[in-house]
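To start, the structure itself, in structure tokens.
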């Protein structure tokens, strides 16, 4: 099916690579215009190539979403080029881990600043503009299977993603009278460039050879392998489209069967 997002304006954070880039490509393929956001001053290489190919329907904005003033600036840039967004793919996040007794305040502050504060205020400010202009839009927040349960080495990250799920439910109820839908996606283990960092951290703390943790988590998935960014992109198109018009306040597991709910 083509044209499922025809002429809609999608704002995507954390779009420099991995899942964010895959969703950008899928949204463009379905007819959307896209404003993509990342913290890098210039678009990373893969995204830069896409910008050249899709210059009429794609723009890049550099912003630090932990700074509310920068959120307003990026939204002004988005509105100026393509109008108020119809879709928000709220994806920017960072990851870190450490044993619970070694985890410090700096790690806590960094993870919550991006994964919770940044996520919430991007959502809030986009929703405010949707309400003001009568846009019956869709918000998709990126959660994680880590938000469904605690993990001994990953306490802060798990807590941030649990917060994403909770904020998604609250925002969905607040926005339902405005016919704005708010949902989340909870990926399982997805084979993105970030997994090099994740694998190295687990190798350090679990005394594993490099590459072993990635191999283990893929084998532990009921379907037997790690997912790909394209698996998330399909769910993101569905939740942004009219096909999900009666779905709100939900967190969709895309994890090969790892979590059942």
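The values are calculated or read from the model by the stated rules, or taken from the named source; none is laboratory data. Here the structure is a predicted model, which means the values were calculated and not measured. Cβ placement follows ideal geometry from the backbone for every residue including glycine, while neighbour counts extend to all protein chains displayed.
Counting only residues that are closer than 24 Å to residue 175 by Cβ and touching a strand residue (DSSP E or B) at 6+ places or on another chain (Cβ under 7 Å), give me the strands (runs of 3 or more DSSP E) lying completely in the stretch 28-98 with at least 3 of them.
The qualifying strands (runs of 3 or more DSSP E) are 33-38, 87-90.
With the requirement that a residue be exposed (fewer than 14 other Cβ atoms within 10 Å of the Cβ) and more than 20 Å from the chain's Cα centre (by Cα), what does the stretch 82-115 give you? Full working, then the answer.
We begin by selecting, within the stretch 82-115, every residue exposed (fewer than 14 other Cβ atoms within 10 Å of the Cβ); these are 99-102, 104-106, 109.
Result: 99, 100, 101, 102, 104, 105, 106.
Can you name the residue in the stretch 183-205 that is in contact (Cβ under 8 Å) with a residue 40 or more places away in the chain and surrounded by fewer than 19 Cβ atoms within 10 Å (Cβ to Cβ) and, of all such residues, is farthest from residue 123 (Cα to Cα)? Steps first, please.
So in the stretch 183-205, the residues in contact (Cβ under 8 Å) with a residue 40 or more places away in the chain come out as 183-190, 192-194, 197-198, 201-202, 205.
Going one step further and asking which of them are surrounded by fewer than 19 Cβ atoms within 10 Å (Cβ to Cβ), we end up with 193-194, 197, 201, 205.
Values: 193: 25, 194: 24, 197: 27, 201: 30, 205: 34 Å.
Checked the stretch 183-205; the qualifying residue farthest from residue 123 (Cα to Cα) is 205.
From the set of residues in the stretch 225-246 that are in contact with a helix residue (DSSP H, G or I) (Cβ under 7 Å, 6 or more places away or on another chain) and outside any helix (DSSP H, G or I), which is farthest from residue 139 (Cα to Cα)?
225
Could you say which residue among 31, 69 is more than 30 Å from residue 202 (Cβ to Cβ), surrounded by fewer than 16 Cβ atoms within 10 Å (Cβ to Cβ), in contact (Cβ under 8 Å) with a residue 12 or more places away in the chain and out of contact with any helix residue (DSSP H, G or I) (no Cβ under 8 Å at 6 or more places or on another chain)?
Numbers: 69 fails: in contact (Cβ under 8 Å) with a residue 12 or more places away in the chain.
It is 31.
Restricting attention to the stretch 130-146, report how many residues are part of a helix (DSSP H, G or I) and crowded, with 18+ Cβ neighbours inside 10 Å. Break it down stepwise before answering.
If we filter the stretch 130-146 for residues that are part of a helix (DSSP H, G or I), which is where we start, we get 130-133, 145-146.
The next check asks that each one be crowded, with 18+ Cβ neighbours inside 10 Å; those that pass are 130, 145-146.
Residues flagged as part of a helix (DSSP H, G or I) and crowded, with 18+ Cβ neighbours inside 10 Å within the stretch 130-146 amount to 3.
Give me a count of the residues in the stretch 167-206 that are in a helix (DSSP H, G or I), touching a helix residue (DSSP H, G or I) at 6+ places or on another chain (Cβ under 9 Å), modelled with pLDDT of 95 or more and within 22 Å of residue 233 (Cα to Cα).
Residues flagged as in a helix (DSSP H, G or I), touching a helix residue (DSSP H, G or I) at 6+ places or on another chain (Cβ under 9 Å), modelled with pLDDT of 95 or more and within 22 Å of residue 233 (Cα to Cα) within the stretch 167-206 amount to 2.
Return yes when residue 179 is surrounded by 15 or more Cβ atoms within 10 Å (Cβ to Cβ) and closer than 26 Å to residue 88 by Cβ and no when it is not.
Details: surrounded by 15 or more Cβ atoms within 10 Å (Cβ to Cβ): no; closer than 26 Å to residue 88 by Cβ: yes.
Against the criterion (surrounded by 15 or more Cβ atoms within 10 Å (Cβ to Cβ) and closer than 26 Å to residue 88 by Cβ), residue 179 does not qualify.
Based on what the data block shows, is residue 153 over 28 Å from residue 105 (Cα atoms), at pLDDT 95 or above and either out of contact with any strand residue (DSSP E or B) (no Cβ under 7 Å at 6 or more places or on another chain) or outside any strand (DSSP E or B) (or both)? Show your work before the answer.
Values: over 28 Å from residue 105 (Cα atoms): no; at pLDDT 95 or above: yes; either out of contact with any strand residue (DSSP E or B) (no Cβ under 7 Å at 6 or more places or on another chain) or outside any strand (DSSP E or B) (or both): yes.
No, not satisfied.
Would you mention how many residues in the stretch 179-200 are within 19 Å of residue 138 (Cα to Cα) and under 15 Å from the mean Cα position of the chain (by Cα)?
Kept after step one, since they are within 19 Å of residue 138 (Cα to Cα), are these residues of the stretch 179-200: 179-187.
Now narrow it down to the ones that are under 15 Å from the mean Cα position of the chain (by Cα): 182-187.
The qualifying residues number 6.
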